[in-house]
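Laboratory data are not the source of any read-out in this text; all were calculated from the coordinates shown. In this text the structure is predicted, and so the values were computed from the model without any measurement. Glycine gets a Cβ as well: all are built from the backbone with ideal geometry, and neighbour counts include every protein chain shown.
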Amino acid sequence: MTVVRAALTQVSWPGSKDEMLDKHEVLAREAAAEGAQVLCFQELFYGPYFGITQDAKYYRYAEPADGPVVQRFAALAKELGVVSVLPIYEEQQAGVYYNSAVVVDADGSTLGTYRKVHIPHVDRFWEKFYFRPGNLGYPVFETAVGKVGVTICYDRHFPEGWRALGLAGAEIVFNPNASKPGLSNRLWELEQPTAAAANGYFVCVPNRVGREDNEYGDQAVDFYGTSYVVDPRGNHVGELASSTEEELLVRDLDLDLVRAARDDWQFYRDRRPDAYGSLVTP
């Protein structure tokens, strides 16, 4: 049996980038102390969720994929020996920004970047103001804990991305989020377990938690936490995290279930790509 211990964070915005970075370093150290081998932070982890408004001042949160934030947490990954998924606001160049996640191996080496493919633009999720759609596809990263894929928040509504990661061999997929009550509540319950079962891999879903009224006042929303992990059969691994409180969620993933689930359900064998042409017709 091959067991990987994974950790997810759900954190409230304290009001400053420095405080947020320090919070996450403390949680990373706690995760390592609990034996975690892989760690994923929430979407845009070191800032507020600035999609609430459309304000150019938040462009200043963007950094290169090898910028100070990633360098700090890559060094921490090396110190702790923990594979780390770091969801950042990426600056490719001035005026070109992405909602991204940098994957760092347990030795501190940067393996690559995923850029959020699907960008929403609805009430208090004004993301097209901040991000270009991702252009790096759906990479799967060979890490010290196995084959890791990433999607980000709104991506979870599109089954094609989940399947692309499965076809590329993903065993664990992380989906960092900034999700609030409303239309998404029922989908939050359904989509990630369905994706895990349909593709035969683990899905790990950290979410922000709390109300960022210290940043947005009456415009703030309540992020509902409830971070969770599901196995390749779509079953929850342990309980969901709190819906209101900060939490470090640590769960053991038995990677042998990936092969077992795929042997039981031969979805990859029985696919019919020849019949799916209309799926990629604009």
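Some observations on this one:
- Summing charges over neighbours of P14, with a neighbour being any other residue whose Cβ is under 11 Å away from its Cβ, gives -4 when K and R count +1 and D and E count -1.
- Peptides ranked, highest mean first, by Cβ atoms within 10 Å: ranges 176-183, 132-139: 176-183, 132-139
- Distances between placed amide hydrogens fall under 5 Å for F174 paired with G149, V150, T151, C204, all partners being 5 or more residues away or on another chain.
- Residues in the range 219-232 carry Karplus couplings, in order, of 7, 5, 10, 9, 6, 9, x, 6, 4, 7, 10, 10, 8, x Hz; the curve used is 6.51 cos²θ - 1.76 cosθ + 1.60 with θ = phi - 60°, and Gly or Pro positions show x.
- Only Lys, Arg, Asp and Glu carry charge here, each on its Cβ (+1 for the first two, -1 for the last two); on that basis the chain has a dipole of about 780 debye about its Cα centre.
- Local charge for V3 was computed over the other residues whose Cβ lies under 13 Å away, with Lys and Arg +1 and Asp and Glu -1, and equals -3.
- Global geometry of the range 76-201, whether rounded, prolate or oblate, following the gyration tensor of its Cα atoms and the 1.5 cut on a/c: oblate
- In this simple spin-label approximation, D18 and W126 carry label points 7 Å from Cα along the Cα→Cβ vector, and these lie 2.9 nm apart.
- Phi-based couplings in Hz for the range 196-205 (Karplus 6.51, -1.76, 1.60; Gly and Pro marked x): 4, 5, 5, 10, x, 8, 7, 10, 10, 10
- Prolate/oblate/rounded call for the range 3-272, Cα gyration tensor, a/c under 1.5 rounded: rounded
- Between T53 and E239, the modelled label-to-label distance comes to 3.7 nm, taking each label 7 Å out from Cα in the direction of the beta carbon.
- With at most 16 neighbouring Cβ atoms within 10 Å, loop trypsin sites (Lys or Arg not before Pro) (DSSP) excluded, longest segment of the chain: 1-123
- Where a label projected 7 Å from the Cα of Y276 along Cα→Cβ would reach, residues of the range 188-224 with amide N under 20 Å: 191-203
- Long-range lysine pairs (8 or more apart or interchain), the chain, Cα under 21 Å: 8
- Distances between placed amide hydrogens fall under 5 Å for G234 paired with A197, all partners being 5 or more residues away or on another chain.
- Qualifying GluC sites (Glu not before Pro) in the range 1-105, where qualification requires a DSSP coil assignment and no more than 16 other C-beta atoms within 10 Å, comprise E34.
- Here the Karplus relation 6.51 cos²θ - 1.76 cosθ + 1.60, evaluated at θ = phi - 60°, turns the backbone of the range 185-190 into coupling constants of 4, 5, 5, 4, 6, 8 Hz, with x for every Gly and Pro.
- Summing charges over all other residues whose Cβ lies under 11 Å from the Cβ of V26, with Lys and Arg as +1 and Asp and Glu as -1, gives -3.
- Each of T244, N185, A220 was placed along the dipole of the range 184-282 (beta-carbon charges, centred on the mean Cα), and the one lying farthest toward the positive end is N185.
- 222 nm mean residue ellipticity, helices alone, for the chain (DSSP H n ≥ 4; -39,500 (n - 2.57); rounded to 500): -7500 deg cm²/dmol
- Built amide H within the under 5 Å cut-off of S227, gap 5+: N207, A241
- Separation of the range 61-98 from the range 185-232 is 22 Å, based on Cα centroids.
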